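*Asks:* My questions will all concern the structure given below.
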Amino acid sequence: MKRAALVLLAGLGFGVALAGCNDTRTADAPPPHPLTAEAIGNYCGMNVLEHPGPKGQIILASRIEPVWFSSARDAFAFAMLPEEPKDIRAIYVSDMAKAPAWETPGAANWVDAKKAFFVIGSSRKGGMGADETVPFSERAAAERFAAENGGKVVAFGEVPRDYVLGGSAATTSSIDPVPAQDIDHAPPQGSKGRHAH
């Protein structure tokens, strides 16, 4: 009986230790980089500042510089696509509640994508003219934007995979969201992410 109790306590201690590691990893996420003229979009190969709408950046363990995106939606695509590196340490998107304008979303007003609220299906198009996942740090700001521009407000884990990867024909009502565990940013054990260009 005592042995069973010791095994149970040891197991609980192991679980607490794992939870502590996860908390530490989140607390140690690197800060966002300011948007500069040197930022080139990962998928379009163009200067990120030349495009309107919210931007994105992903910080990988295998790179010093962030991977830049001309739209917040492209950052989601990078995280969802199986062929992209999975050593993601942080995903940041433009906080459009603090953006000076749609055409100039700001250089330093980043929000952690996992904590943001997104408007999907709005009339506003992203940097490359596609449907956008418009990010906000506060739900009230997202709801105001949706009231003015259409669309609906969702959390990070509720952004549908087909909305991001299925092209502009995808609708927000006929598709299932991607489960949050499918966009887990913990680097796999022993993995080495390839460098994105």
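*Asks:* At a Cα cut-off below 18 Å, give the aspartates and glutamates reachable from residue 55, other chains included and same-chain residues fewer than 8 away excluded.
*Replies:* 38, 65, 74, 95, 103, 112, 131, 132, 138
*Asks:* What residues have an amide H closer than 5 Å to that of residue 90, excluding those fewer than 5 places away on the same chain, when H is modeled at 1.01 Å from N in the peptide plane?
*Replies:* 59
*Asks:* Sort 65, 84 so that the residue with the fewest other Cβ atoms within 10 Å of its own Cβ comes first and the one with the most comes last.
*Replies:* By the 10 Å Cβ count, ascending, the order reads 65, 84.
*Asks:* Same structure, new question: Looking at the range 64-134 from every direction and averaging, what is the projected area of its Cα convex hull in nm²?
*Replies:* Here the figure is 5.3 nm², rounded to one decimal.
*Asks:* Ranked by Cβ crowding within 10 angstrom, fewest neighbours first, how are 35, 81 ordered?
*Replies:* 81, 35
*Asks:* Can you give the FRET efficiency to the nearest 0.05 for residue 46 and residue 138, using r as the Cβ-Cβ distance and R₀ = 30 Å?
*Replies:* Using R0 = 30 Å, I get an efficiency of 0.50.
*Asks:* Among residues other than residue 40 whose Cβ falls under 11 Å from its Cβ, what is the net charge (Lys/Arg +1, Asp/Glu -1)?
*Replies:* Value of the local net charge: -3.
*Asks:* Using R₀ = 22 Å, calculate the FRET efficiency as 1/(1 + (r/R₀)^6) where r is the Cβ-Cβ separation of residue 148 and residue 104; round to 0.05.
*Replies:* 0.75
FYI, it's all coordinate maths here, none of it is from the lab. Every value quoted in this text rests on a predicted model; they were computed, and no experiment measured them. Note: ideal-geometry Cβ built from the backbone for every residue, glycine included; neighbour counts use all protein chains shown.
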